[in-house]
Structures are given as structure tokens and as C-alpha cells.
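The next block holds one structure in the form of C-alpha cells; read it before the comments.
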Amino acid sequence: MPRTLSYNSFTVAITFLAAPARRQFRAQLLGWFDREKRSLPWRGEKDPYRILVSEVMLQQTRVAVVVERYQKFLRQFPDVSRLARAKEASVLAAWSGLGYYRRARALHAAARHVQSNGGFPASATELAQLPGIGRYTAAAVASIAFDEPAAVVDGNVKRVLQRLCGRELSSDDHWQMAQKLLEVRRPGDFNQAMMELGATVCLPGLPSCSRCPVVKFCASRGTSNEKKAGVLRRKATLSYLLARRDNAIFLRRRPANVSLMPGMWELPPTPGPRPTKEIPLLNLRHSITTTDYSILVYVRGRKRLGEGAWCPLRTVGRLPLTGLTQKILRRLELIP
């Protein structure tokens, strides 16, 4: 019979929390990670600044996108001192295309805090006091950079733990179980192994149980205890104007008091519906969270453009452009 342990408000039946089984679980998971882990530019890194950059970028952004942008960001801001001294506009420009710009602002604020205090704090508790740094990110940096035995819980780890137990868990249960399983001699590697397992094997919907190194400990074995919640995607159309003068284009800056992308630069939107016979210069698809947009870009002359500025093409890439504006300008080959 599986050993039964009480966790807060309910009892969970699990088979792997006995000490010998925990040791076997850790050994098999870490052996798999050492053999199969993906080659990523932040793997093996011990610099807390570089680890922090990667962790913040990976929040709500696909790994394939982060790989390229991480290296480019570090070329511009190679250390915490350089990032701390940078202007916010430069940081936002380097972040353009990654979305969720509050992450860039928080990273910039954290760098300034670290710089003013003479270096990175070495514990998860202290790291969590940095601007915009939550419990997960603090534990990830502390365990990977400083070998602190602090477990991490992200979406991938939650899924692994729930499948191991075969039922829904509360937030406190996730953190307690993750800490109970943690290999304290290799906390950074173990945390990355748990996340890697969820990202590449214990997938949402249909896990690849035949490839799982710890499948014998799993109560689910291919079944999903996750609530099925179909997300209804919406469709919408957005129209923008492209006006050129010599080697410059007309852009407007989003107000500082708006909640979405304040202070970012974008193409001006069309003032109203376009004539049905007018053919757009560009038609592309763009998705944000639960909405799929059809983006139409029309050519516009120099008159009646409203508030904004003429921005030279040779320097427009240095501005903090919205991700959509950057996508449009690249598609039109106006910026590299």
C-alpha cells in the first residue's frame, strides 16, 4: 500500500516519499537530465545576473524565442552594472518583441537595486525582495547560482507533481512536495531537471510516458487529472498607417498612463474603417493571449497623421517598439 501523508487540508496517497524511493527518484531523474537535457545558452551558467535574465525572459515566452533574444540582450547588457546604468528606453527597445514589458521594467529595477547594494543577495528569501522577483524566480536563481536547497514550482513542475500524485494539489502542497523531493546536493540541476521533464516529456494533454525516466513512481501513467478547459479564441482586425518621408517613418508613442505597453512606440492606427476598395500594403496574422488578429497596414501620406514623430529608419530599431510594430517593420524589411 502507498504511504499516506497529510498535506494541509487533505490527504494525498503517494508511493515515492519514503526515503529510499526519494533517493531512487532523484538518481533516475538526474541521470536522465545529465544525458538528455537540451543544449541551452544558460545551461551550466553560475552568474546570478545571467540566470536572472534567462528566468525572467522564460516567463510566458517560448524557449525557442528566448534562446536568440537572451544572447542578443546579453551582448548589449553583459552584466548587472551595464543594465543598471542603462536608460529604460534602451532596455525596452532590447526587449521589444518578447512582450509583457513589465518584466523588462522589473528586471531593470532589480539590476539597479543590486548595483546600489553592492551585489546579488545569495538567498531565495533576499532575492524575493528584489523588484518584480517572485518566489519561483528567487528560488531558481538561488539554487542554480548559489546551490541553495530551495525547490522551484512553475507550471511544468506543478504538472509533474500532480501526475505523480494522480490528483489536483493546492499551491502549498506543490511547494511542500517539491521541497521534499529536492536533491539538496544538486539543487540547481534537480530544479532544472523537474522543469525539463515537464517541458519535454510530461507534456500537457498527452505525456510521453514511454520516455519518462521516473514513470514507475507516477500514479497517473498517461492519464490526465487536469481539468479540461477549452479556451475560446477570439478574432479581431486591427488597421495601421505607414507614412514615409525620405528615410523616416511616422510613429506615435503610447501614453504613459495606459496599462498596456506604456511609453512604447507604434504605427498610428487608422482613424476609422478603410474604403472597401483600398488595398492594404500588408496583411499579416498576430496572436496575443486568446485573440487572433488580422493586421492590415495601409500607406498614408504626410498629412493628417495626428500626434507623433518622424523617426529615421537608421535609428528606429533602437526605440522601444511594440512587438507588433517591430513585426510589421521587419516584414516590410524596413528594419533588420
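When you scan region 55-75, how many residues do you find that are closer than 19 Å to Ala110 by Cα and among the β-branched types (Val, Ile, Thr)?
Here the count works out to 1.
Residues to consider are Arg186, Arg211; find the one that is surrounded by 15 or more Cβ atoms within 10 Å (Cβ to Cβ), over 23 Å from the mean Cα position of the chain (by Cα) and basic (Lys, Arg). Even if it seems obvious, please write down each step before you answer.
Details: Arg211 fails: surrounded by 15 or more Cβ atoms within 10 Å (Cβ to Cβ).
Going through Arg186, Arg211 in turn, just one is surrounded by 15 or more Cβ atoms within 10 Å (Cβ to Cβ), over 23 Å from the mean Cα position of the chain (by Cα) and basic (Lys, Arg): Arg186.
Name every residue in region 72-84 that is surrounded by fewer than 21 Cβ atoms within 10 Å (Cβ to Cβ) and of a type outside the set (D, E, K, R), in order of residue number. Talk me through it step by step, then tell me what you get.
Taking region 72-84 first, the residues surrounded by fewer than 21 Cβ atoms within 10 Å (Cβ to Cβ) are 72, 74-76, 78-79, 81-82, 84.
Once the filter is applied, which keeps residues that are surrounded by fewer than 21 Cβ atoms within 10 Å (Cβ to Cβ) and of a type outside the set (D, E, K, R), region 72-84 yields Leu74, Gln76, Pro78, Ser81, Ala84.
Quick check on region 112-137: of everything there that is within 18 Å of the chain's Cα centre (by Cα) and outside any loop (DSSP other than H, G, I, E, B), which residue is farthest from Asn191 (Cα to Cα)?
If we take residues in region 112-137 being within 18 Å of the chain's Cα centre (by Cα) and outside any loop (DSSP other than H, G, I, E, B), then Arg135 is farthest from Asn191 (Cα to Cα).
Suppose we filter Ala178, Ala199 for residues that are closer than 16 Å to Arg163 by Cα and buried (at least 20 other Cβ atoms within 10 Å of the Cβ); which single one remains?
Values: Ala199 fails: buried (at least 20 other Cβ atoms within 10 Å of the Cβ).
Exactly one residue qualifies, and that residue is Ala178.
Please work out which residue is farthest from Ala94 (Cα to Cα), limiting yourself to region 245-270 and to residues that are without any contact (Cβ under 8 Å) to a residue 40 or more places away in the chain and surrounded by 12 or more Cβ atoms within 10 Å (Cβ to Cβ). Break it down stepwise before answering.
Applying the first criterion (without any contact (Cβ under 8 Å) to a residue 40 or more places away in the chain) to region 245-270 yields 246, 255-260, 262, 269-270.
Next, from what is left, pick out any that are surrounded by 12 or more Cβ atoms within 10 Å (Cβ to Cβ): 262, 269-270.
Values: Pro262: 16, Pro269: 24, Thr270: 27 Å.
My answer is Thr270.
Just one of the numbered conditions (1) over 14 Å from the mean Cα position of the chain (by Cα); (2) polar (S, T, N, Q); (3) not in a helix (DSSP H, G or I) is not true of Thr61; which one?
(1)
Among what's in region 286-306 and is among the small types (Gly, Ala, Ser) and part of a loop (DSSP other than H, G, I, E, B), pick the residue that is nearest to Arg244 (Cα to Cα). Write out each step before concluding.
Applying the first criterion (among the small types (Gly, Ala, Ser)) to region 286-306 yields 287, 294, 301, 306.
Now narrow it down to the ones that are part of a loop (DSSP other than H, G, I, E, B): 301, 306.
Working: Gly301: 7, Gly306: 14 Å.
Applying the filter and picking the extreme gives Gly301.
From Arg82, Arg23, grab the single residue that is in the same structural domain as Gln176 (by TED's automatic domain parsing), in a helix (DSSP H, G or I), over 18 Å from Gly188 (Cβ atoms) and at pLDDT 95 or above.
Numbers: Arg23 fails: at pLDDT 95 or above.
Residue meeting the stated conditions: Arg82.
Which ones in region 14-71 are among the aliphatic types (A, V, I, L, M) and free of Cβ contacts under 8 Å to residues at least 12 places away in the same chain?
Those that are among the aliphatic types (A, V, I, L, M) and free of Cβ contacts under 8 Å to residues at least 12 places away in the same chain: Ala19, Ala27, Leu58, Ala64.
Can you tell me how many residues in region 112-131 are surrounded by fewer than 20 Cβ atoms within 10 Å (Cβ to Cβ), under 16 Å from Val53 (Cβ atoms) and touching a His at 6+ places or on another chain (Cβ under 9 Å)?
Here the count works out to 1.
List, please: which pairs have Cβ atoms under 6 Å, are six or more places apart or on different chains, and start with a residue in region 144-164 that is outside the structural domain of Leu197 (by TED's automatic domain parsing) and end with one that is in a loop (DSSP other than H, G, I, E, B)?
Taking only residues 6 or more apart or on different chains, not a single pair turns up.
Looking at (1) at pLDDT 90 or above; (2) under 25 Å from Glu88 (Cβ atoms), which one does Gly317 not meet, given that it meets all the others?
Answer for Gly317: the failing condition is (1).
Go through (1) outside any helix (DSSP H, G or I); (2) in contact (Cβ under 8 Å) with a residue 60 or more places away in the chain; (3) within 18 Å of Ser220 (Cα to Cα) for Glu183 and report which single condition fails.
Condition not satisfied by Glu183: (3).
Taking into account only those residues within region 85-111 that are assigned to a loop (DSSP other than H, G, I, E, B) and small (Gly, Ala, Ser), which is surrounded by the most Cβ atoms within 10 Å (Cβ to Cβ)?
Narrowing region 85-111 to residues assigned to a loop (DSSP other than H, G, I, E, B): 86-87, 96-101.
Still in the list and also small (Gly, Ala, Ser): 86, 96-97, 99.
On the way: Ala86: 18, Ser96: 24, Gly97: 17, Gly99: 18.
Per the stated criteria, the residue is Ser96.
Please specify each residue of region 166-180 satisfying the condition of being touching a residue at least 60 places away in the same chain (Cβ under 8 Å) and within 15 Å of Tyr136 (Cα to Cα).
Passing the criteria: Asp172, Asp173, Gln176, Met177.
The values are calculated or read from the model by the stated rules, or taken from the named source; none is laboratory data. Keep in mind it's a predicted model, so treat the numbers as computed, not measured. Cβ coordinates were reconstructed from backbone atoms using ideal geometry, including for glycine residues, and neighbour counts include every protein chain displayed.
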